[in-house]
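First up is the structure itself, then whatever we jot down about it.
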Amino acid sequence: MGNPQLDLASIFQTVTGTLAQNKEALNEADTYNHDHGTHMVDIFSTITNAVGDKQGSDAAAQLKYAGEQLLKGDHSGSADMYGKNLLNAASQLQGQNLTADSGMQLVQMLLGAQ
């Protein structure tokens, strides 16, 4: 039957929820500004909303739109990094379905590890 296509909105919604549950611990671990958890929740909320706005489009279009939204919104270093990595992932996944097999590739691209 092949690999079913993954639903990006559900994936990012799960990540955002997990980050939100751990926001305070992430903030405490940030010894510099004590706000990294808050920024991560904001970043992944933006990604989740953007992917949801483009639901029905292919994965590359969803990721590209999410990257563009991050780059034009929050101007933190983390938002810029994730925005650029989303655009790179969109380029790399152009013409492909996002499946379990390519999901790990997406995670590596988001983290900036090719």
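The values are calculated or read from the model by the stated rules, or taken from the named source; none is laboratory data. The model shown is predicted, which means the values in this text are computed figures rather than measured ones. Heads up, the Cβs are rebuilt from the backbone with ideal geometry, glycines too, and the neighbour counts pull from every protein chain shown. The accessibility values were calculated without ligands, DNA or RNA, using every heavy atom of the protein model including side chains. Shrake-Rupley method; radii C 1.70, N 1.55, O 1.52, S 1.80 Å.
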Determine whether region 68-84 contains at least one residue that is open to solvent by 80 Å² or more (accessible area, probe 1.4 Å), over 27 Å from Asp30 (Cβ atoms), assigned to a helix (DSSP H, G or I) and free of Cβ contacts under 8 Å to residues at least 40 places away in the same chain. no
Of those in region 27-57 that are of a type in the set (A, V, I, L, M) and out of contact with any Ser or Thr (no Cβ under 8 Å at 6 or more places or on another chain), the residue surrounded by the fewest Cβ atoms within 10 Å (Cβ to Cβ) is Ala29
Here the qualifying pairs (Cβ atoms under 9 Å; residues six or more apart or on different chains; first in region 21-35 and over 19 Å from Ser45 (Cβ atoms); second acidic (Asp, Glu) and open to solvent by 70 Å² or more (accessible area, probe 1.4 Å)) come out as His34/Glu28
For the list (1) out of contact with any helix residue (DSSP H, G or I) (no Cβ under 6 Å at 6 or more places or on another chain); (2) of a type outside the set (Gly, Ala, Ser); (3) surrounded by 15 or more Cβ atoms within 10 Å (Cβ to Cβ), I need the number of the one condition that Leu93 fails. (1)
